[in-house]
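For reference, the structure is listed below as structure tokens.
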Amino acid sequence: MTGPDAATATPAVGTPVATEKTDAATHGLGVSLPPTDALAKAQGTYPYAADLWAEGLLWAAVLRSPHPHARIVSVDTTEAAAMPGVRAVVTHDDVPGDATHGRRVADRPVFAGDTVRHHGEAIAAIAADHPDTARLAAAAIQVEYEVLEPVTDPERAFSAEPLHPDGNLIRHIPLRFGDPDAVGEVVVEGLYRVGRQDPAPIGAEAGLAVPRPDGGVELYVASTDPHTDRDLAAACFGLEPDRVKVVVTGVPGAMGDREDSGVQIPLGLLALKTGCPVKFVATREESFLSHSHRHPTLLRYRHHADAEGRLVKVEAQVLLDAGAYADTSSDALAAAVAFAAGPYVVPHVFVEGWAVRTNNPPSGHVRGEGAMQVCAAYEGQMDKLAAKLGLDPAEIRMRNVMATGDLLPTGQSVTCPAPVGELLKAVRDADLPPLPVDDDESQWLLPGGPEGAGEPGAVRRGVGYALGMVHMLGAEGTDEVSTATVRIHDGQATVICAAVETGQGFTTLARQIVQEVLGVEEVRVLPSDTDQPPAGASARGRHTWVSGGAVERAAKMVRTQLLQPLAAKFGMSVELLTIADGKITSYDGVLSTTVEEELAGKELWATAQCRPHPTDELDDTGQGDAFVGLAFCAVRAVVDVDIELGSVRVVEMAVAQDVGRVLNPRQLAVRIEAGVTQGVGMALMEDLRAPRGIVKRPTLTGYSLPTALDAPDVRIVKLVEERDVVAPFGAKAVSAVPVVVSPAAVAAAVRAATGRPVSRLPIRPQHAVAKPQQV
Amino acid sequence: MSTYARQTAQARNVALPSSLEEAVAALAAMPTAVPVAGGTDLMASVNAGLLRPAGLVGLGRINETRGWQYADGAALLGAGLTHARMGRPDFAALIPALAAAARAAGPPQIRNAGTLGGNIVTAAPTGDALPVLAALEASVLLAGPQGNRELPVSHLLTGMDPLRPGELLAYVRVPLLHAPQTFLKATGRTGPGRATASVALVLDPARRGVRCAVGAVAPVPLRPLEAERWVASLIDWDGQRTLAPEACTAFGEYVAGACIPDPLPGEDGTPAPELPPAAIQLRRTVAALARRALGRALA
């Protein structure tokens, strides 16, 4: 790695990371180009999906099940349909196409037919001329339920009656790697539980469906995967996919899949039935009930190590609660099983992983799925081993870290940069935040907050470490492909790509790539819709990789088209010409012209695809080259715990991350801060409680998210820029891995502060109270 | 924020009186209307579809209840005082515990809108002002079509003497004690949150009393009267008013045990069931809060 200082960012001090660009550069790669929509978002003028309007629109409302498990005896909509102002009612019987849909397995009905499988499942939808009318009419639908006993304990799902024709076992992976009879000198066991985190997008689901004169329908939704959503919706509408168009409107935050079944299919059905535009805005309660959550997980671990603390064998059982429908649970399970031992060298690994169906709220894609849950468990085990061997927690990790060339338990060798030891060293050696010894006591921010009950004498500080990894792009043979078009005209460039800007910064990155390749400053990125070629889901960092790669290739093709005639005229190769600030110059300075002059009013277009190397499915012993790339992160958490009240404040999170290459320093820092904060939420407060399958308090009062007071100082101590040769620009995705590692780091720090085992996330106050004798 | 809420409001009857008298008259004219001050709880219920008031009487324009005045050694607090106003230093010099509770009551947006009267009338178990008012033995002044009346706040909160139809909460009378007061709240997080338990403790040197109330552990604030009397008897009121740390700890245990009592044995002679772990944790929290509250009041 060149220039160690170049990879060190300290956003707290406000100095952006300097990379190859000089400070004067204002565009291109490696510069902190601000997003174009930032001002509009800050001023509140940015149009989100909930702001959509069409002349003569109707309002939709959805009737949802109050029971987690019930047989539907009858649905009587006559009274609701007869209410003045009601224009259409749709139920299970009104779905013209496929009655079920799903991202991996089509097992989820559009509307519950004869069985309700989770609290809040949609049963009918209404279109009316006023939102209140629609909601009242939805409430007037008579549904007769025969309430059934819900299966809410995932361990009971194996023996329970099938909740679905597909059965209760969604996937089972028995991973076998190495010698089952190997034993270590030291053995530690642990049982860990991870709660149900909600992606809690700050804007609830919303959308507008507009019927088309040709019998098709246009869906204006905040989709993160427009082409998949279009195909799912079209199949349910009984239409050809080209008759359905999904137009992506302002996405108000996305930590997982957005605006899937719950919004667009009922909307489209109502628009097709009434012939009018139909709008739907979910309430916060509906949003919590209907979208996918992080898989609640139960993990049993047994770690074997030798006397020096080197890992010998890891045995694990991982049970994912998938909720009522499969969704992307098989992907989450693959990640959980493959990363069950963490970024450590373990010669023998045996994991049994299951994803099972229950009557709990649905689980699906939330970033870092699978990897986050196992990280909390294997890092808990590493702390236990350290305690048993009397080793420093950082030291025992250092003795086991993986590096490039090591094998994952899936038999795949890690070919990408894996600077795990370097990351750990960076967080271990970073200065600890000072104790507030000399400050005025009244100014201390103690656990419990500024007006809380915190007392300095009862506060203990703890430091904890965690290492983790996540895969980038879809795994197990998913065709990860993206297509982008670049056009240059009048000295400016336009990018057309269906990759959705969810706030992750893709449009900014696309502008930077085109600026870099074509040397023009003004680059526009057009909004996404399904008339454009598919770019795939905004998830698992794929747009930085595949869509960024496609944009780069298309831009390079345009560059060649632009420069070829010039090069031919002057008898030099295209490579000897450079474009910067709209000027074309040759290496010897003889030639100097502008892009605009050279274009002479012409437009140049090019379209290119990026498709990374293919991957394999995990076989029946969990073996296979399933992942395209991996990203690693090390976090050191420093927490203050009031050991009498059990309140925890995260003081600082020091992060060292493997990023490949910094493309936009400020955006990168923001993504890491956001990921760490989401991880701290998972560690301390975020858990959607659903006792007996009924979601309790599905509001932002009942479901706590980290506020500015809960969010820690995030200190990026090191960004390791070792380029991943197979990735475009050598850059790795950065958003997911801090989410994976941060909860485990907070748990480790609370363990250090309290001496309690901390085996459950989120950490409740009763688990962070020191044993009475320690007070 | 919700499109639903905006359209709902247009269709309803709304009165915006500018004096208490007009408000009482407006309520008498529209008996089905609901009075609304800050609306932080009420409007959330409306948005959630839990409440569909036939009309609203907005209290935001009644200036006379937005401040406070002195009356016979007590402060007469307007029901329309916002939490933000009560949190300011001038108010904190007057009634420190109530100011502390107001500052701890939710995020700034809620504190700017939510009022003292709303906190009392809503009577949520987690209402932060309630244990303070209970400890201060405050009384409420109600204005109604049949005239005004005054009753202890606890009578209103427990439902012993509820609001009658057409009545509005106008003022809260709080005795001025000129002695340390504390309010401590446990939320389990650093950011604003609802209390899992809260303790308000006031010293009353004139009557040589310690008064304490525990909030959020029961539907209404609880007063551990025996514990109060016991600890008051230990304090040297004419001297330094200090207490040994062991006494503070014992007081905490006493308060916690009184507010979260042990389960009683069954009537048929079966032994008492064990206290569930959540209750043990709550008891420990209350004990720690009460110990710290007393320690700080006497410091």
Tally Lys/Arg at +1 and Asp/Glu at -1 over every other residue whose Cβ is under 14 Å from the Cβ of A:Met83; what's the total? -2
Based on Cα positions only, what radius of gyration and what Dmax would you give for the range A:225-328, in angstroms? 21.1, 73
Rounded, prolate or oblate: which one fits chain A, using the alpha carbon gyration tensor with axes a ≥ b ≥ c (rounded when a/c is under 1.5, else prolate when a/b beats b/c, else oblate)? oblate
Solvent exposure, largest accessible area first (probe 1.4 Å, DNA, RNA and ligands not counted), of B:Trp68, A:Trp605, A:Trp59: A:Trp605, B:Trp68, A:Trp59
Given a 1.4 Å probe, the accessible area of chain A per residue, as a whole number of Å², is 36 Å²
Given the C-alpha centroids of the range A:655-672 and the range A:377-439, what is the distance between them in whole angstrom? 20 Å
Ignoring ligands and nucleic acids, A:Phe570 exposes an accessible area, probe 1.4 Å, in Å² to the nearest 10, of 90 Å²
B:Gly166: net charge of surrounding residues, Cβ under 14 Å, Lys/Arg +1, Asp/Glu -1, itself excluded? -1
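At 1.4 Å probe size, with the rest of the protein present, what percent of the exposed accessible area of the protein assembly as shown is carbon and sulfur atoms?
Ligands and nucleic acids excluded, carbon and sulfur give 53 percent.
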Short to long, in 5 Å steps from zero, the percent of alpha-carbon pairs of chain B per bin is 1, 5, 11, 15, 16, 15, 12, 9, 6, 5, 2, 1, 0
Under 13 Å, Cβ to Cβ, from A:Glu603 - net charge with Lys/Arg +1 and Asp/Glu -1: -1
Does any residue of the range B:174-211 lose at least 40 Å² of accessible area with all protein chains in place compared with its chain alone, and if so which ones (probe 1.4 Å)? B:Gly188, B:Arg189, B:Thr190, B:Arg194
Measure of exposure for A:Lys279: accessible area at 1.4 Å probe, Å² rounded to 10, is 10 Å²
Among A:Ser573, A:Ser482, what's the order by accessible area (1.4 angstrom probe), most exposed first? A:Ser573, A:Ser482
Taking a ≥ b ≥ c as the square roots of the Cα gyration tensor eigenvalues, with a/c under 1.5 meaning rounded and otherwise prolate when a/b beats b/c, else oblate, which class fits the range B:144-299? oblate
Peptide-level mean, for B:76-82, of C-beta atoms on other protein chains within 10 Å: 0
Can you give me the Cα centroid spacing of the range B:239-299 and the range A:722-775 in angstrom? 34 Å
Going through the range A:658-694, which trypsin sites (Lys or Arg not before Pro) have at most 16 other Cβ atoms within 10 Å and a DSSP loop state? A:Arg689
What average number of partner chain Cβ atoms lie no more than 10 Å from the Cβ of the residues making up A:135-141? 1
What ranking of B:Met160, A:Met682 comes out by heavy-atom accessible area, probe 1.4 Å, highest first? B:Met160, A:Met682
Would you mind giving the mean number of other chain beta-carbons within 10 Å of the Cβ of each residue in A:452-458, as a whole number? 6
Could you do me a favour and compute the accessible area per residue for chain B, 1.4 Å probe, result in Å²? 46 Å²
Kindly tabulate the residues in the range B:265-281 with an accessible-area decrease of at least 30 Å² between the chain alone and the assembly of all protein chains, using a probe of 1.4 Å. B:Gln281
Restricting to lysines and to Cα separations under 22 Å from A:Lys583, and discarding same-chain partners fewer than 8 apart, the set is A:Lys21, A:Lys556, A:Lys569, A:Lys602
A:Phe237 - accessible surface, heavy atoms, 1.4 Å probe, Å² rounded to 10: 10 Å²
Euclidean distance between Cα centres, the range A:62-136 to the range B:101-154, Å: 43 Å
For the interface of chains B and A, what total accessible area is buried with a 1.4 Å probe, rounded to the nearest 100 Å²? 2800 Å²
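The values are calculated or read from the model by the stated rules, or taken from the named source; none is laboratory data. Quick caveat: nothing in here was measured; it's all calculated off a predicted structure. Neighbour counts are summed over all protein chains in view; Cβ atoms, including those assigned to glycine, are modelled from backbone coordinates with ideal geometry. When the accessible area is computed, the model is the full protein with side chains, heavy atoms only, and any ligands, DNA or RNA have been set aside. Shrake-Rupley method; radii C 1.70, N 1.55, O 1.52, S 1.80 Å.
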